[in-house]
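The block underneath contains the structure these notes are about, expressed in structure tokens.
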Amino acid sequence: MKRIKSALSLITLAVCLSQPAFAAQLPDTPDPALPVQQYVTQVNADNSVTFRFFAPNAKSVSVAIGVPTPDNIHPMVKDSSGLWSWKAPALKPNLYEYFFNVDGVRSIDTGTAMTKPQRQVNSSMVLVPGSILDVKAVPHGDLIALTYHSQALNSERQMYVWTPPGYSGKGKPLPVLYFYHGFGDTGRSAIDQGRIAQMMDNLLADGKIAPMLVVVPDTETDAEGIVPETFVPGERRKEFYPLNAKAADRELMTDIIPLISKRFNVRTDAEGRALAGLSQGGYQALVSGFNHLESFGWLATFSGVTTTTVPDAGVSARLDDPQSINKQLRNFTVVVGDQDMVTGKDIAGLKAELEKRDIRFEYHEYPGLNHEMDVWRPAYAEFVQKLFK
């Protein structure tokens, strides 16, 4: 028994002696005695925003807001507690994307749960209130996460469906907008960052849009051999985009549209069906829209990749028949920021092609903006106000 007690005493002593060394290896944590708000990014009463990041051992921290150009990167200052901060002047009401650079390492804001939905999360978001993006005291629609088996992809998939306030499936069938998100994002991007539900609620409450359903599929199929991370980044447009677009097109026509028609009381005529998308999703809208032109009456690409850089035989064939496009589409919208460094050439090429062939389309160029949500959210809001009227 004495040997056992002696052994236990030695173990206890060893643990006690090891605690300081072990604690020194733990990451620095904020002082629990201080209020939580002292460590989190916050929107102030005057719509200024105080960005904060706790990193007492860091040598340099900055915050990048929106597109990380030199004008949008701001050095932060560390106080005696190890908290870095920078106060942005009053910002106009909007949803802002940001991230921290901590000694050269990109980091999300660890003090907020509001992160940008991506396949590889590396940004956070902050909402400055006062715009169409807010949750307002208006009737709210339902946002449904619909899980299904895709026969086209032989996999379990999920999409989101927004239905208008009070929708019960009864009454006359409603039209449907199918909307595709961009590259590297998830379906939640259109919901959490695109703020589709909030915009639809607010626009409908103001009487600016017709009642409709909005369906947000996952733009990336992750089908066998079509996972973007497996492609060399510089070769994605040549290899990944065409393969993924064809797979997503099969899923849309074989699985998604039939499932929506089965689960909801919706219109099945072309004029009751719209298709749109941003960036990679804009390319998806073009591919599916032109390859199945008879199935859609409304089409939009927001800063989309186009056949200027990613050819598609079906799109080319349709462009060779401009009268069929002009006859079929009630509205064809093309949108881009005039500083877009990602798909600016794509949209310019598409615009020139449409003009050369006398294909009717609406063109909107957003001055001073790049490849970003400040183009896509307003473009979405403008587009849906034209639909199904």
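The values are calculated or read from the model by the stated rules, or taken from the named source; none is laboratory data. Just so it is clear, the model here is predicted, and its values are computed rather than measured. Here Cβ is always computed from backbone atoms with ideal geometry, including for glycine, and neighbour counts include all displayed protein chains.
For region 52-73, state whether one or more residues are among the charged types (D, E, K, R), in contact with a Ser or Thr (Cβ under 8 Å, 6 or more places away or on another chain) and not assigned by TED's automatic domain parsing to the domain that holds residue 192.
Residues of region 52-73 among the charged types (D, E, K, R): 52, 59, 71.
Adding the requirement that they be in contact with a Ser or Thr (Cβ under 8 Å, 6 or more places away or on another chain) leaves 52.
Then keep just the ones that are not assigned by TED's automatic domain parsing to the domain that holds residue 192; that gives 52.
For region 52-73, residues among the charged types (D, E, K, R), in contact with a Ser or Thr (Cβ under 8 Å, 6 or more places away or on another chain) and not assigned by TED's automatic domain parsing to the domain that holds residue 192: present.
Across region 160-171, what is the number of residues that are in contact (Cβ under 8 Å) with a residue 12 or more places away in the chain and part of a loop (DSSP other than H, G, I, E, B)? Full working, then the answer.
Going through region 160-171, the residues in contact (Cβ under 8 Å) with a residue 12 or more places away in the chain turn out to be 160-167, 169-171.
Cutting the leftovers down to part of a loop (DSSP other than H, G, I, E, B) gives us 164-167, 169-171.
Residues meeting the conditions: 7.
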Practice task
Please go through region 200-216 and pick out each residue that is farther than 21 Å from residue 266 by Cα and either buried (at least 20 other Cβ atoms within 10 Å of the Cβ) or in contact with a strand residue (DSSP E or B) (Cβ under 8 Å, 6 or more places away or on another chain) (or both).
Solution key: 202
Handout entry: helices (runs of 4 or more DSSP H) within region 229-294 that include 2 or more residues closer than 25 Å to residue 327 by Cα, touching an Asp or Glu at 6+ places or on another chain (Cβ under 8 Å) and of a type outside the set (D, E, K, R)
Key = 280-291
Fill in the blank from the handout: Of those in region 224-260 that are free of Cβ contacts under 8 Å to residues at least 24 places away in the same chain and in contact with a Phe, Trp or Tyr (Cβ under 6 Å, 6 or more places away or on another chain), the residue nearest to residue 278 (Cα to Cα) is 240
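For residues in region 57-80 being among the hydroxyl-bearing types (Ser, Thr, Tyr) and modelled with pLDDT of 95 or more, which is surrounded by the most Cβ atoms within 10 Å (Cβ to Cβ)? So that I can check it myself, show each step before the final result.
The first filter runs over region 57-80 and keeps only residues among the hydroxyl-bearing types (Ser, Thr, Tyr), leaving 60, 62, 69, 80.
Next, only the ones that are modelled with pLDDT of 95 or more stay: 60, 62.
Details: 60: 13, 62: 17.
Restricting to residues being among the hydroxyl-bearing types (Ser, Thr, Tyr) and modelled with pLDDT of 95 or more, the top hit is 62.
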Problem - residue 126 of a type in the set (Val, Ile, Thr) and part of a loop (DSSP other than H, G, I, E, B) - result: no
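Test residue 221 against the criterion of being under 18 Å from residue 149 (Cβ atoms), touching a helix residue (DSSP H, G or I) at 6+ places or on another chain (Cβ under 9 Å) and in the same structural domain as residue 173 (by TED's automatic domain parsing), and give yes or no. Lay out the reasoning, then the answer.
Values: under 18 Å from residue 149 (Cβ atoms): yes; touching a helix residue (DSSP H, G or I) at 6+ places or on another chain (Cβ under 9 Å): yes; in the same structural domain as residue 173 (by TED's automatic domain parsing): yes.
When the stated conditions are applied, residue 221 passes them.
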Practice task
Restricting attention to region 121-159, report how many residues are among the acidic types (Asp, Glu) and free of Cβ contacts under 8 Å to residues at least 60 places away in the same chain.
Solution key: 2
Exercise for the section: Can you give me the number of residues within region 149-182 that are farther than 20 Å from residue 259 by Cα and either surrounded by 21 or more Cβ atoms within 10 Å (Cβ to Cβ) or not assigned by TED's automatic domain parsing to the domain that holds residue 296 (or both)? Expected result: 1
Exercise for the section: Kindly indicate whether residue 188 is under 20 Å from residue 302 (Cβ atoms), at pLDDT below 95 and not hydrophobic (A, V, I, L, M, F, W, C). Expected result: yes
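Please count how many residues of region 334-359 are among the small types (Gly, Ala, Ser) and farther than 12 Å from residue 370 by Cα.
Start the filter on region 334-359 by keeping residues that are among the small types (Gly, Ala, Ser), which leaves 337, 344, 348-349, 352.
Going one step further and asking which of them are farther than 12 Å from residue 370 by Cα, we end up with 348-349, 352.
The total comes to 3.
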Exercise for the section: For residue 382, state whether it is at pLDDT 95 or above, of a type in the set (D, E, K, R), over 30 Å from residue 261 (Cβ atoms) and out of contact with any Gly (no Cβ under 8 Å at 6 or more places or on another chain). Expected result: no
Problem - Test: residue 301 is under 26 Å from the mean Cα position of the chain (by Cα), assigned to a strand (DSSP E or B) and hydroxyl-bearing (Ser, Thr, Tyr) - result: yes
Exercise for the section: For residue 293, indicate whether it is assigned by TED's automatic domain parsing to the domain that holds residue 321, touching a residue at least 12 places away in the same chain (Cβ under 8 Å), under 23 Å from the mean Cα position of the chain (by Cα) and surrounded by 18 or more Cβ atoms within 10 Å (Cβ to Cβ). Expected result: no
Completion exercise
Those residues of region 88-116 that are closer than 19 Å to residue 135 by Cβ, hydrophobic (A, V, I, L, M, F, W, C) and touching a strand residue (DSSP E or B) at 6+ places or on another chain (Cβ under 7 Å) come to a total of 3
